[in-house]
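Structure record follows, encoded as structure tokens.
Just so it is clear, none of the values below were taken in a lab; they were calculated from the coordinates. Predicted model, so just to flag it, every value in this text is computed and none were measured. All Cβ positions, even for glycine, are placed from backbone atoms using ideal geometry, and neighbour counts span all protein chains on display.
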Amino acid sequence: MSLPRVAVVGSCMSRDPFNRIFVPSYKSRAELVSSVYQTALPSLVRETEIETDISKDILSNHSKFIQQEFSGKNLDRLVSSKPDVLVVDFYADVHFGVTTVDRQYVTRNHMAFTALKAADEYFGDEGNKFPDRGRFDGYNDSRYSYCQLVKNSIEMFIKRIKENNPETLIVINSARFANSYTSNDNSEIVFPKIDRLNQKNKYWEELDNIFMETTNCERLVYPDILLKGSESNPWGLNPVHYGHDYYDHFWKEMARVASL
């Protein structure tokens, strides 16, 4: 009997549960057939190739993902993989947003670069505002806003998925930025700029709700205690690099909503 086919559109909180470093046994529960990493929705639905070369200052572990994004074929790859279950999160829209390269939207993923200065120099968008540069910063009913752009992107995204794979179960992963982390000596330490993290979590919740209003999807939810960073996370300290209990709960939630 074949395993359920799963695709992921998201960041660490959704992709890492399908990594044996975090969940050694995941391959006994599902087959990961496609992954779109750290890509904001307006860039995900773009089907035009970015002709400008990617920066020489892109980190090696991000190069493949940036090349895939710039190709304009991420959505085609996703649809062609014919997933039974599609897991999505909107970290990239809340944290990175988009900027323009070749007059097309790409994710402004500064974390993919060797340094923030290198990202600023490559994008050359200092001082630019929407529609040239922006990210999701809350619900806005204006037709001239990132909120409207992302609504349009969601509609295009869902349309392509349902036209080609009408039985695909879409699951939204409602993780959040942690307010604190557990240190290697088991102390709990509050992240700096906690007000900013809380504001982004508010935006994240709003975007999740917009998506849920657009499609009939399932939702993974977490007790606040599990949304805590960990200094021992293999990828290093970050508000979305959690402890082991988070990944265990992810799979309990996947069993609840998708029988995985």
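In the structure shown, do any of Lys27/Lys252; Lys27/Lys162; Lys202/Lys252; Lys73/Lys159; Lys82/Lys159; Lys151/Lys202 have a Cα-Cα gap over 19 Å, and if so which?
Beyond 19 Å: Lys27/Lys162; Lys202/Lys252.
Using a cut-off of 15 Å between beta-carbons, work out the net charge of the residues near Lys117 (Lys and Arg +1, Asp and Glu -1, Lys117 not included).
Working: positive: Lys56, Arg108; negative: Asp57, Asp120, Glu121, Asp125, Glu126.
Overall, the nearby charge balance is -3.
So, counting K/R as plus one and D/E as minus one, what does the shell of residues with Cβ under 10 Å around Met13 add up to?
Once all neighbours under 10 Å are counted, the net charge is 0.
Quote the convex hull volume per residue of the chain, based on C-alpha atoms, as a whole number of Å³. Write down the numbers at each step before the final one.
On the way: hull volume 34.1 nm³, N = 260.
So the per-residue hull volume is 131 Å³.
What is the spin-label model distance, in nm, from Cys217 to Glu188 if the labels are put 7 Å beyond Cα along the C-beta direction?
Inter-label distance under the simple model: 3.0 nm.
Given R₀ = 35 Å, what would the calculated FRET efficiency be for Tyr144 paired with Thr114, taking r from the Cβ atoms and rounding to 0.05?
Values: r = 35 Å, r/R0 = 0.99.
Efficiency, from the Cβ-Cβ distance: 0.50.
Could you give the length gained by full extension between Arg20 and Glu47, i.e. 0.36 nm per residue of separation minus their alpha carbon distance, to one decimal place? Don't skip to the answer; put the middle values down first.
Working: separation 27, 0.36 × 27 = 9.72 nm, distance 3.18 nm.
Residue separation times 0.36 nm, minus the Cα-Cα distance, leaves 6.5 nm.
Would you mind getting me the FRET efficiency between Asp76 and Gln199? Use the beta-carbon distance for r and R0 = 45 Å, nearest 0.05. Intermediate values should be presented prior to the final figure.
Values: r = 35 Å, r/R0 = 0.78.
In this case the efficiency is close to 0.80.
Do me a favour and compute the ellipsoid semi-axes for the stretch 134-180 from its Cα gyration tensor, root of five times each eigenvalue, largest one first, whole Å. Kindly include the intermediate steps, with their values, before the conclusion.
Numbers: eigenvalues 115, 77, 8 Å².
That gives 24, 20, 6 Å for the three semi-axes.
Please list 159-167, 6-14, 79-87 highest first by mean number of surrounding beta-carbon atoms within 10 Å per residue. Provide the component values of the computation, followed by the final result.
Values: 159-167: 13.3, 6-14: 23.9, 79-87: 19.8.
The peptides rank, most packed first, as 6-14, 79-87, 159-167.
Could you give the nm distance between label points at Asn128 and Gln68, where each point is 7 Å from its Cα heading toward the beta carbon?
2.4 nm
Roughly what % of DSSP beta bridges within the stretch 153-260 run antiparallel, to the nearest 5?
Roughly 45 percent of the beta bridges in the stretch 153-260 run antiparallel, per DSSP.
Which values of log₁₀ I(q)/I(0), to two decimal places, follow from the Debye formula for the stretch 4-48 at q = 0.15, 0.18, 0.24, 0.27 Å⁻¹ with a uniform point scatterer at every Cα?
So the normalised log intensities are -0.42, -0.57, -0.84, -0.97.
Would you mind checking the stretch 75-114 for residues with the amide N under 15 Å from a putative spin-label position 7 Å along Cα→C-beta of Asn61?
111-114
If I model a spin label as a point 7 Å beyond the Cα along the Cα-Cβ vector, how far apart are those points for Asn164 and Asn209 in nm?
For the pair Asn164/Asn209, the computed spacing is 3.2 nm.
If each DSSP helix of 4+ residues adds -39,500 (n - 2.57) and the sum is divided by the residues in the chain, what number results at 222 nm, nearest 500 deg cm²/dmol? Don't skip to the answer; put the middle values down first.
Values: 9 runs with 95 residues, N = 260.
Calculated at 222 nm, the ellipticity per residue is -11000 deg cm²/dmol.
Please figure out what share of the DSSP beta bridges in the chain is antiparallel and state it in percent, rounded to the nearest 5. Present the calculation step by step, with values, prior to reporting the outcome.
On the way: 11 of 30 bridges.
That works out to approximately 35 percent antiparallel.
Using mean Cβ contacts within 10 Å as the protection proxy, how do 170-178, 48-56 order, highest first?
On the way: 170-178: 23.4, 48-56: 12.7.
The most tightly packed comes first, giving 170-178, 48-56.
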